[in-house]
Amino acid sequence: MKPASPVRARISLRGFTVVEILVVLGIVIGVISTLIVGLGYGARRARIANTEFLMNSIVAGLTRFRAETGYIPPILGAPSQVGSATAGTAFGQLGWGRDMLDPPSLAGTQNAGPAYGTWSATQRQNLQKWCSVTTIPEYLLGLGDRSQDGYGVIMEANGALPSNTNTPGYREQPALGIRNPGSDGGWGSLLNPRTGTQGKGLFGSRNLAVSVPTTGNADSSNVFLRGKSLGPYLEVKSDGEIGGLTGFQTDGTPIVAKPGEINNFDLAPKCLLDFFGKPIIFYRRGYLNGDPRSTDRTWSLADIVALRPQRFGPGEDVNAMPDGNNDNGASRAAMASEFAFLSFGPDQRWNPTIRADTEGYNEDNIVRFGP
């Protein structure tokens, strides 16, 4: 057999060159990067879909709540009136973040609609901030005990069930649910506030007992509460879906802690989180004279900047309150809706004053309007 030539032998034994290795590594890195991007995009889409499903569930629950009570729940938030130690005017007191906030009073008439040119800068800002992250768990879940929403047991200081079986509400299980909030939507805090409290609509003014006690907590009268119990209207599958409200940034962005992140988490008013870990914000139409069944037609949800889409299809837009850039474009869906829900979306950011900013904060907002 003829031996291989020296040249061929050298060629057959030659290894990869540095260039070839770099090319292969580049291909491998490219494939891995593509997989990572694809997996990240898939996870992002899944979170968006889960958040949208959660919002649809909230809309369904809110619709059932209205069918039983006749109204959409009011807006709960930081105190509209301060100076009441009973109500709680700071985080760490149960009333903070759970007082009923009066709807903004803006210029306009019920027949002619809004009068944008006469709205002051403060009125415009107050309108954008008239929203709630605590209303949803308060009314649709009922995370509080009898002293807070009239339903469920009052737990011992160590978190155990009451040792005295004669305690009012001891047999009211499970804990989730609420006692009917009444015609004012605030457990009597507007129409029949508790004696000795300061300010109507405040958390500390809720009248949860059959007879109004003269002093102390409503449960000190040891009277069994009567009236229909409602809900819960939502199913919460894990503690990760519930956050504790600890404050607000200057633009109205809620600051939220998760279980284990703060020592006094149980004292924080609760909010429902989307699948990006941020609170879902609740908006509703204004109402008149403290009656949540009525509708204030001098403004609509189209005037809420954060609910406005980035793009409009043919015939989808209407004129509403100008934003910070004097852009008055809004959607017909917002103008016709009675309530709405907002998630900050994947980037977990928003701009409540400008519809379309250069940073694109509102581009991925997830909005769901109710009927």
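Assorted remarks:
- Overall shape: prolate for region 240-344, with the ratio a/c of the largest to smallest alpha carbon gyration tensor axis at 1.5 or above and a/b above b/c.
- Estimated inter-spin distance, residue 291 and residue 28, nm [label 7 Å along Cα→Cβ]: 7.4 nm
- Within the same chain, aspartates and glutamates fewer than 8 places from residue 270 are excluded, and of the rest, those with a Cα less than 17 Å from its Cα are 99, 138, 145, 149, 235, 239, 241, 261.
- Full extension of the chain between residue 358 and residue 261 yields a length gain of 31.6 nm, computed as 0.36 nm times the residue separation minus the alpha carbon distance.
- Model label sites at residue 129 and residue 336, defined 7 Å from Cα along the beta-carbon direction, differ in position by 3.3 nm.
Rule-based calculations on the coordinates, nothing more; no lab input. On a predicted model such as this, the values are computed, not experimentally measured, just so you know. Methodologically, a virtual Cβ is constructed for each residue, glycine included, from the backbone with ideal geometry; neighbour enumeration extends over all protein chains shown.
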